[in-house]
Each structure stands twice: as C-alpha cells, then as structure tokens.
Amino acid sequence: MSNSSKDLDHLIELMAKLPGLGPRSARRAVLHMVKKRALLMTPLADVLAEVAVTVRECLNCGNIGTADTCDICQNPKRENGEICVVEEVSDLWAMERSHMFKGRYHVLGGTLSALDAIGPDELRIPRLLRRVRDENVTEVILALNATIDGQTTAHYIADQLGDVRVSMVLKWCLISQVLAQLKTF
C-alpha cells in the first residue's frame, strides 16, 4: 500500500485488536465507515474522543460510566441488602439486560489465579468486604464462571464473609473457554 494509506492501515490494525474482529473484519468495518463518513465515521470518532475523556470506574462497585458513582449504585431502589458479585463489567451488563437481579453489584475485575499471581489484593475483594460491612449487606450472590479459578474465588470470598448469607450461581463458560483451560493442564 502507498504511504498515503498509512492512516487507514493503522486504523485497520487498531480495529483488528477489538474482540471478535480479525484483520479482514476490521478492513470491512473501516471500508464501511469510510463509505458512511458523515453518517457513521465522524459521529463515531466524536463519541470515542468524548468517552475516552469521561469514562471512569465506579468508585463503589467497579462498573463503568461517566460519573464517580454509577447509576446502579446511586439508585435508592437498589438498596435491598443484596450484592451480586461478578467477574467483569460485561457480566454485570448481561445481568442487567436479563432484569433478573434488582440489587447492587460488585465487579471483581477477574478471578484469583495462583498461576497468574493474582491474589485478593489484585482484585476488588477487599473493597467488597468493606462494602458488605458498611452497607449492612445480608446476602452476597456469587455469579462467577464455573472454572477452577472462578470456583476458587467463590470459595475464598465465602470464607471471608463469615456470617453473611452466600449464594453461589456459577455461570457456565463457553465451551471454548473451558476447553482452552483444559488444554493448559
């Protein structure tokens, strides 16, 4: 490619780093955006620039939004004494789309992993324990992946919570994730 297409090549490389997009899909997406420059590319660039400046992690639960405290944590109707613990923000968003849980959440940011040297302090476990104490939580629902690390994390948290009621709802991972983990042994 010519030197004049260097910016397009760089955009395609960056897009290819997004989950679910490989080089060919990224190239198609960039070509589509170029075709729809006024309708899609310019507004997308503006929103990306704005979100890059304003997005932040909720200081309370770990969700992401544009304020220090997310909408869920600010909602007084959510103060029901329950916290649902999830691994990642995407898990929280999936739970919200299902409308199955009406309490508050806590995003750990991953799972405990001895192999990867990820202990409780690398996750938001200490913050969870403070929230349970300070917010008079009566039940913690652990909605973690049904992997070895997910189970280890769930049991560790349950042990740390003492007398607080703990429910475990282990999410089943995609088969590919389970197979990928089995291949590491």
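The values are calculated or read from the model by the stated rules, or taken from the named source; none is laboratory data. Just so we're clear, the structure is a prediction, and the values are computed from it rather than from any experiment. Cβ placement follows ideal geometry from the backbone for every residue including glycine, while neighbour counts extend to all protein chains displayed.
Odds and ends about this structure:
- Residue check, residue 64 more than 27 Å from residue 92 (Cβ to Cβ) and surrounded by 11 or more Cβ atoms within 10 Å (Cβ to Cβ): no
Matching residues to (1) charged (D, E, K, R); (2) on the phi > 0 side of the Ramachandran plot; (3) in contact (Cβ under 8 Å) with a residue 12 or more places away in the chain:
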{"site": "17", "(1), (2), (3)": "yes, no, no"}
{"site": "37", "(1), (2), (3)": "yes, no, no"}
{"site": "53", "(1), (2), (3)": "no, no, no"}
{"site": "83", "(1), (2), (3)": "no, no, yes"}
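- Only one of the numbered conditions (1) among the aliphatic types (A, V, I, L, M); (2) closer than 30 Å to residue 167 by Cα; (3) outside any strand (DSSP E or B) is not met by residue 29, and that is (2).
- Meets criteria (surrounded by 17 or more Cβ atoms within 10 Å (Cβ to Cβ), in the same structural domain as residue 163 (by TED's automatic domain parsing) and outside any helix (DSSP H, G or I)) for residue 132: no
- Which numbered condition residue 110 fails, given (1) at positive phi; (2) in contact with a Lys or Arg (Cβ under 8 Å, 6 or more places away or on another chain): (2)
- Residue match in the range 174-181 (condition: touching a Lys or Arg at 6+ places or on another chain (Cβ under 6 Å) and at pLDDT below 90): no
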